[in-house]
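Before I ask anything, let me first share the structure, which is written out below as structure tokens.
Taken together, the values in this text are just the output of simple stated rules run on the coordinates, not laboratory data. All figures in this text were calculated on a predicted structure; none of them were measured in a lab. Glycine also receives a Cβ, built like all others from the backbone with ideal geometry; neighbour counts cover every protein chain displayed.
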Amino acid sequence: MGDLSTGEFEVVLVVFRVIFGFVFALHGWGKVKNGIGGTAGWFDSIGMKPGRLHAIAAASTEIGTGVLMMLGFLTSLAAAGMVGVMVVAGWTVHRHNGFMIVKDGWEYTFMVGLTAVLLAGLGPGGLSVDATLDIADELNGWVGLAVAVGLGVIAGVTQIVVFYRPPAR
């Protein structure tokens, strides 16, 4: 099996970016479809108060960043939003359960965040809004990776510090 040509790499990158963004947006849509009220109650129950604010913020962030990733628009900022959501989910819901997702651990949140960071580092590719607007080169590579990790972790940790009040175990 040979190396991918530049054109083949671009196709693989856009297909991966679109599928990844779509699945992330779909995850957010599930929060809306199942009812913001129920999602808000769940957020309250895990200690993210006010639950309604966090239900709307999580759903909006997941849908919005997923769509941005699909389009390859502000890709590193979309990745930062994904990382932020995964930091909050990993800390508030999954960290006490170990690593493996089969035991509701933080494996999934880690892999989603890592994938978003790697996509920010690779950049959106030539088949993207970023490339069309000629901003792709400024926002990928180490800069994109740093934006995704830095802003994502800062946003997630800030949200946890300001809002998370874990319920008594």
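Determine if region 88-95 includes at least one residue that is touching a helix residue (DSSP H, G or I) at 6+ places or on another chain (Cβ under 6 Å) and charged (D, E, K, R).
no
Would you confirm whether or not region 55-78 contains a residue that is aromatic (Phe, Trp, Tyr) and in contact (Cβ under 8 Å) with a residue 24 or more places away in the chain?
yes
Go through (1) closer than 19 Å to HIS54 by Cβ; (2) in contact with a helix residue (DSSP H, G or I) (Cβ under 6 Å, 6 or more places away or on another chain); (3) of a type in the set (A, V, I, L, M, F, W, C) and name the single condition ILE154 misses.
Checking ILE154 against (1) closer than 19 Å to HIS54 by Cβ; (2) in contact with a helix residue (DSSP H, G or I) (Cβ under 6 Å, 6 or more places away or on another chain); (3) of a type in the set (A, V, I, L, M, F, W, C), the one that fails is (2).
Is it true that TRP29 is in contact (Cβ under 8 Å) with a residue 24 or more places away in the chain, surrounded by fewer than 17 Cβ atoms within 10 Å (Cβ to Cβ) and part of a helix (DSSP H, G or I)?
When the stated conditions are applied, TRP29 passes them.
A further question follows. Sort out which residues of region 58-76 are surrounded by 18 or more Cβ atoms within 10 Å (Cβ to Cβ), assigned to a helix (DSSP H, G or I) and aliphatic (A, V, I, L, M), and write them in order of number.
Passing the criteria: ALA58, ALA59, ILE63, LEU68, MET69, MET70, LEU71.
Would you confirm, using the coordinates I've provided, whether SER76 is over 17 Å from GLY113 (Cα atoms) and among the polar types (S, T, N, Q)?
no
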